[in-house]
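Visitor: The structure's right below; bear with me while I get my questions together.
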Amino acid sequence: MVAGNWKMNKTPAESRLFAGKLADEISDELLSQVDVVVCPSTSCIDAVTEVLRGTRIFTGAQNVFYEDFGAYTGETSGLMIKDLGCSHVIIGHSERRQVFGETNEEVNKKLHYVLGIDLIPIVCIGETLEERENGEMENVLERQIREGLRGISHKELDQIIIAYEPVWAIGTGVVATPEQADEAMGFVRGLIAELYGKDAAERCRILYGGSIKPGNFDELVSLENIDGGLVGGASLDESFVELVKIAAKHS
Ligand code: PGA
């Protein structure tokens with residue numbers, strides 16, 4: 001899987017244009033080998049799903065609130081993004097956690113909510129540089145998984161995609177080395193195995209995210225523990241098509 005997180009970039013008109021380009025350039029053959037998801041800003045979802053209707057490229061939201069309707073100024077519900085044509089939704093991105101103070105408990109509420117309405121969650125986890133340097137990486141990842149996935153059943157786990165995104169690698173140009181990514185993602189898969197069993201852990205899709213570019217993706221995606229990428233900066237231009245092609249080679 002290759003998922004593009006456009007973050008707060010592109011206007012609706014720009015999004016429409018770019019989605020059209022992706023639809024032209026990512027062939028059905030590639031899409032039979034790789035799941036491709038694009039996650040525009042909420043304001044652009046409508047434009048993007050309209051262009052992508054009838055293609056096999058999925059659209060996801062970057063965030064969601066865990067009630068259908070109500071007095072939650074500024075929020076958007078899962079029902080609303082689903083109605084706009086989204087199939088996926090990113091939950092707990094590190095920017096949501098760091099800039100907007102989102103907690104593991106909120107991640108958990110969102111996760112239960114979206115699974116209840118058949119949206120596919122991409123749950124982000126990852127340690128900061130300080131946490132890594134203090135030797136806390138495993139503790140942080142374990143808390144994010146245990147608290148974030150609290151009460152999630154075996155059946156529900158099969159619907160969940162996890163994205164390991166070390167915070168120090170996001171938007172910095174400093175990509176995790178294959179060894180670093182493999183170590184952290186092996187740890188996450190091991191923890192899932194402890195909680196849900198080995199088979200479920202093997203089936204669970206775990207993506208890497210953080211400064212992915214065409215030049216470094218091949219090596220990362222060839223690792224056994226890495227099932228694809230969640231891409232920020234390089235999802236905004238032609239590089240995204242290259243990344244899909246690279247992932248297809250390893251499918
Ligand atoms: P980046 O962002 O690829 O620009 O580092 C990744 C992400 O935030 O998902």
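Bear in mind these aren't lab numbers, they're just calculated from the coordinates by the rules spelled out. Because the structure is a prediction, the values reported are computed rather than measured. Virtual Cβ from ideal backbone geometry, glycine too; neighbours counted across all protein chains shown.
Visitor: Please state which of the following conditions THR73 fails to meet, knowing it meets all the rest: (1) hydroxyl-bearing (Ser, Thr, Tyr); (2) touching an Asp or Glu at 6+ places or on another chain (Cβ under 7 Å); (3) over 18 Å from TRP6 (Cα atoms).
Guide: (2)
Visitor: I need the full set of residues from the stretch 62-88 which are touching a helix residue (DSSP H, G or I) at 6+ places or on another chain (Cβ under 8 Å), free of Cβ contacts under 8 Å to residues at least 40 places away in the same chain and among the hydrophobic types (A, V, I, L, M, F, W, C), in order please.
Guide: PHE69, ILE81, LEU84
Visitor: Still on this structure, I have one more. Which one of ILE152, ILE170, ILE145, ILE192 is within 14 Å of the ligand (Cβ to nearest atom) and touching a helix residue (DSSP H, G or I) at 6+ places or on another chain (Cβ under 7 Å)?
Guide: Numbers: ILE152 fails: within 14 Å of the ligand (Cβ to nearest atom); ILE145 fails: within 14 Å of the ligand (Cβ to nearest atom); ILE192 fails: within 14 Å of the ligand (Cβ to nearest atom).
One residue alone meets the criteria, ILE170.
Visitor: Here are some conditions: (1) within 18 Å of the chain's Cα centre (by Cα); (2) free of Cβ contacts under 8 Å to residues at least 60 places away in the same chain. ILE125 meets all but one. Which one does it not meet?
Guide: (2)
Visitor: For the stretch 216-230, give me each residue that is within 14 Å of the ligand (Cβ to nearest atom) and touching a residue at least 60 places away in the same chain (Cβ under 8 Å).
Guide: Of everything in the stretch 216-230, those that are within 14 Å of the ligand (Cβ to nearest atom) and touching a residue at least 60 places away in the same chain (Cβ under 8 Å) turn out to be GLY228, GLY229, LEU230.
Visitor: From the list LYS21, LYS10, LYS82, exactly one residue is within 16 Å of the ligand (Cβ to nearest atom) and among the basic types (Lys, Arg). Which is it?
Guide: Values: LYS21 fails: within 16 Å of the ligand (Cβ to nearest atom); LYS82 fails: within 16 Å of the ligand (Cβ to nearest atom).
LYS10 is the lone residue from the list that is within 16 Å of the ligand (Cβ to nearest atom) and among the basic types (Lys, Arg).
Visitor: Restricting the search to the stretch 155-167, which residues are away from the ligand (no atom under 16 Å from the Cβ) and touching a strand residue (DSSP E or B) at 6+ places or on another chain (Cβ under 7 Å)?
Guide: Residues of the stretch 155-167 that are away from the ligand (no atom under 16 Å from the Cβ), as a first pass: 155-160.
Once the filter is applied, which keeps residues that are away from the ligand (no atom under 16 Å from the Cβ) and touching a strand residue (DSSP E or B) at 6+ places or on another chain (Cβ under 7 Å), the stretch 155-167 yields GLN159, ILE160.
Visitor: Have a look at ILE81, ILE120 and point out the one that is surrounded by 19 or more Cβ atoms within 10 Å (Cβ to Cβ) and under 28 Å from ASP237 (Cβ atoms).
Guide: Values: ILE120 fails: surrounded by 19 or more Cβ atoms within 10 Å (Cβ to Cβ).
None of the other options fit; the residue is ILE81.
Visitor: Also, quick follow-up: Would you mention how many residues in the stretch 173-187 are away from the ligand (no atom under 16 Å from the Cβ) and hydrophobic (A, V, I, L, M, F, W, C)?
Guide: Total meeting the criteria: 1.
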